[in-house]
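Here the structure is laid out as structure tokens; the discussion comes afterwards.
The values are calculated or read from the model by the stated rules, or taken from the named source; none is laboratory data. Small disclaimer: the values here were computed from a predicted structure and weren't measured. Cβ coordinates were reconstructed from backbone atoms using ideal geometry, including for glycine residues, and neighbour counts include every protein chain displayed. The area values use the complete protein model at the heavy-atom level, side chains included, leaving out ligands, DNA and RNA. Shrake-Rupley method; radii C 1.70, N 1.55, O 1.52, S 1.80 Å.
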Amino acid sequence: MRLIIFLLSCYIASSHAVVLDAPRLNLAEGMAYLEDPAGYLTLEEVRARQDWQTNHGSAGNFGFSPSAYWFRVDLNAARSNYWSVVLQYPAHDYVDAYWLSAAGEVLDHEHTGDLQPFMQRSVYHREFVFSRYLAAGESVQFYMRLKTEGTMQVPLEIMDKTAFAQYDNAQGFARGAYVGVMVVMVLYNIVIFLMTGMRMYRNYVGFVFSFLLMQMSYDGTGFMYLWPDWPGINTFAIPLTMSLSQLGFLYFAYHILAVPKLNIRARRLFQGLNIIWGLLAIAVIFAPYHKVVAWLNMGSVLFTLFYFGLSLALAWRGQRFAAVFAVANFLFISGLMLGNLRSLGLLPGNFITLYGYMIGSLAETILFAIALALRILELQARRKQDQETLQREKERAQQQKIAALGELVTGVAHELNTPLGIVHTSADFAREQYIQLTGLFERGHLTKGQFRQHMQDSQSALSLACQNLDRMGKIVQTFKRSAVTQIGYRTTSTSLQELAYDIRQAAIHRNIRLELETDSDIVLNTYSSALLFIITELLDNTLAHNPGLSEYRVKIKLEVRNSALHLHYADNGVISNALDMGKLFDPFYTSQRGAGKHMGLGLYQVHNLVDQLFRGRVSINRAEGLVFDFVFPGVV
């Protein structure tokens, strides 16, 4: 049996051997492979099998498979050198490499993989490297058994000592520069975040850091430098860092593209994506590795394309940061596609295809930082514009306050001028009467009838003066009542039914037909007297500004929603076209100037109470008459 195997091996070696006549050769193309579904075949058994197949691509890729795979390459050294077989995919779980002589003797065997301690490797390298000195003319067979939960990728090359040193130096320099730039970007933006507190910088740092961890988990440098003694981490390192990286990207893209300001669908989609990725991160611990990685890869492509399309749409609207974001996404996707096509053997191996993924991701990271800077500049410009607008509004409000103060002073002067004039005239008349009466008395010409007439005239003058002084006092009290701080309102507990009873009584006393709707008997904890004052002022306003109506009708609706009392008030008054709705709450604005006691302070007091005391709001509209809608928050 051994003779048959030896003769078969010699035949294969003579007809399919790879002649090592160049510093570096691709072994994947033309290598023989054998699938072992059960995973129990031994080296002696696979050597005796005759159902080996030949890989015809320049890269070996067999997808996700639970099977173990055996690979065989026959080598014939054209010159003496140290030769290294390099398996350029470091994520295989179990790797067994065998060097066999032409006679079938096992010269060397190494058992390794990313589930074995890193320091057990014969060559300290992030990839799997199996080295041996071969003399000129020596023929050997190289067998390799692979079993993994990930993809069965077999990019296999052989290099002499010089070529391997050059390869190792180039890889070390490229990955060192890559990691260095990424670390610098992380540290720099951490400092900016600590100085500014802007969460977009925090999200950028989270994305870059998690992406760097994913890259180090994928290319083996994480196992080599971060957790060499804990190979169990490799069972979930790639899917976990993939999910964290995608979460970081989602949060960064969400805030830099201002998704919350787009529409509610975009916000819900983002929330759904977060839930999906959170579940995937948890599923890493429980679900099969190959399923989780497949889901992550598919989702990553879909979500990247989604945000790429969103950034293009925003760039079309003229937003520069979105254009830079779109270019960054494009470069990353391009680099990823170049690397995958090279792994599949569809593109030749060169600097661009070999380092396309790193170049694309590095360009994406740098351009994302530029997009972030442009976004911050745009936000600062917008904030400056908002501040200028706010300043203009403050100046306009100040001007309005000054104008209102002028109107207020004018109104007060106007209201006090008439009674003050009457008092002055009455006092002058009384003084003249006193002078005349005194003169008549001193000359002895004062008669009884003259004395009685002078007393009656003086009494009339003094009475008129007192009446107008009372009127002036009432005006001052009304004016003081318009300032909320001058009245010590206190919160009391009252029910809607008690309030409704007081409203009905006020309407009856004013001969107003009232239609009142209320909620159930809810207890309010609020300024009850101020609330009743507002409603009675509205009733008085309906009477005062609609003289001559045959019937006064008012509809009031009281209801509580979300701890706030909503008051709807509508009357059947006649609205003049000259009525300025924008000035109804201004002090001393009235359509009944000079008609009795109407000074135009009623609705002004109402507005002050609603705004300053209740911290509520009021709106006014036209219908059959005037319609007021009030909201009094926090009354329940």
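Table for the structure above
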| item | result |
| --- | --- |
| For the stretch 270-288 and the stretch 99-152, distance of Cα centres in Å | 37 |
| Relative contact order (%) - the chain, alpha-carbon pairs under 8 angstrom, separation at least six | 8 |
| Principal-axis tilt of helix 237-256 within the chain, Cα atoms, nearest 10 degrees | 30 |
| Positive-end residue, the chain charge dipole about Cα centroid, Cβ charges, pick of ALA373, ALA506, HIS445 | HIS445 |
| Value of D in µm² per second that Stokes-Einstein yields for the stretch 30-173, Kirkwood Rh from Cα pairs, at 10 °C (1.306 mPa s) | 101 |
| Shape box of the stretch 230-280 [Cα atoms, principal axes, largest first, Å] | 45, 19, 8 |
| With all protein chains modelled, accessible area of ARG431 [1.4 Å, Å²] | 130 |
| Unit charges on C-beta of K, R, D, E only; dipole of the chain, Debye | 2220 |
| With Cα atoms, 0 to 90° folded angle of helix 199-219 axis to the chain main axis | 10 |
| Around VAL610: net Lys/Arg minus Asp/Glu count, Cβ-Cβ under 12 Å | -1 |
| Accessible surface of the chain [probe 1.4 Å, protein heavy atoms]: carbon and sulfur percent | 59 |
| About the Cα centre, charge dipole magnitude for the stretch 54-196 (Lys/Arg +1, Asp/Glu -1 at Cβ), debye | 240 |
| Dimensionless Rg ratio for the stretch 216-310, taking C-alpha atoms and the 2.2 N^0.38 Å reference | 1.21 |
| Whether the stretch 124-268 is rounded, prolate or oblate, judged on the alpha carbon gyration tensor where a/c under 1.5 counts as rounded | prolate |
| DSSP bridge orientation in the chain - percent antiparallel, rounded to nearest 5 | 90 |
| Signed unit charges on C-beta, dipole axis of the chain, positive-most listed residue THR148, ILE264, SER619 | SER619 |
| Solvent-accessible surface ranking, highest first, for VAL18, VAL293 at 1.4 angstrom | VAL18, VAL293 |
| Gain in span if fully extended, ARG199 to TYR40, counting 0.36 nm per residue against the direct Cα distance | 51.9 nm |
| Probe 1.4 Å, all protein chains present, accessible-area order of HIS445, HIS545, largest first | HIS445, HIS545 |
| Exposed GluC sites (Glu not before Pro) absent: longest stretch of the chain, with sites in DSSP loops and at most 13 other Cβ within 10 Å deemed exposed | 106-550 |
| Between helix 528-544 and the chain: long-axis angle, C-alpha atoms, 0 to 90°, nearest 10 | 60 |
| Label-point separation, GLU29 to LYS384 (7 Å along Cα→Cβ), nm | 5.9 |
| When the convex hull of its Cα atoms is projected in every direction, mean area for the chain (nm²) | 46.4 |
| Spacing of the two label points (7 Å from each Cα toward its C-beta) at ILE282 and ARG396, in nm | 5.1 |
| Residue order for ARG267, ARG490 - accessible surface, 1.4 angstrom probe, largest first | ARG490, ARG267 |
